[in-house]
Amino acid sequence: MSDPSAQSTERRTFLGVLLGGIGAVIAGAFSWPLFRYLSPIDKGGEQQQVRVPRRQVAVGGTHFFSYQGRPAVLLQPKAGEFVALSAVCTHLGCIVKWVEESQEFLCPCHGGRFSTAGQVLGGPPPSPLATYVVSVDGDEILIG
């Protein structure tokens, strides 16, 4: 006959391994989406230059677009003058919004304010918005 305490120990070991394995699978299932959310997006094949028709950017207006996988904005503060900026706030990475009444960008997360040139006007952002090279080619604006 077998020892009842040995069977009890084997059963506990088996159940411990089984529950540990199930716990690891559940932890992995919950961790994977969080990891994908926090990891940077790989946009290796993304085009290096973006073309925007001039008619999409009115004087004093903006046009939001994606540049190299990140949000960006093109604005025309004065007729014929174009500025391209990153639309990602330098404080915590929120997407800035254009406030037409005050002609400035506002970060909705913590109230950071940026000028049409991307300079910090107020709030917690530590540095200005990144700028991109802009050139005009006929009826198109080239960014990058």
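What follows is calculated from the coordinates using simple rules that are stated; it is not laboratory data. Quantities reported herein were computed from a predicted structural model and do not represent experimental measurements. Backbone-built Cβ (ideal geometry, glycine too); neighbour counts: all protein chains shown.
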Fewest-first ranking of ARG11, ARG113, using other Cβ atoms within 10 Å as the exposure measure: ARG11, ARG113
Highest-MSF residue in the chain out of VAL83, VAL73, VAL17 [GNM, Cα springs under 10 Å]: VAL17
Shape category assigned to segment 36-144 from the gyration tensor of Cα positions, a/c cut at 1.5: oblate
Cys with no candidate disulfide partner in the chain (beta-carbon separation under 4.7 Å rule): none
Segment GLU81-SER102, length gained on full extension (0.36 nm per residue, minus Cα span): 5.7 nm
Förster radius 22 Å - calculated FRET efficiency between CYS109 and LEU34 (Cβ-Cβ, nearest 0.05): 0.65
Relative contact order [Cα under 8 Å, 6+ residues apart], the chain, whole percent: 17 percent
Centroid-to-centroid separation of segment 1-31 and segment 81-97 [C-alpha atoms, Å]: 52 Å
Hz values of 3J(HN,Hα) by residue in segment 87-97 - Karplus curve (6.51, -1.76, 1.60), Gly and Pro given as x: 9, 9, 4, 7, 7, 10, x, 6, 8, 6, 10
Helix 4-38 vs. the chain, principal-axis angle (Cα, 0 to 90°, nearest 10): 0 degrees
Cα-projected label distance for THR13 with SER135, points at 7 Å along beta-carbon direction, nm: 7.3 nm
Added length on full extension, which subtracts the Cα-Cα distance from 0.36 nm per residue, LEU121 to ILE95: 7.7 nm
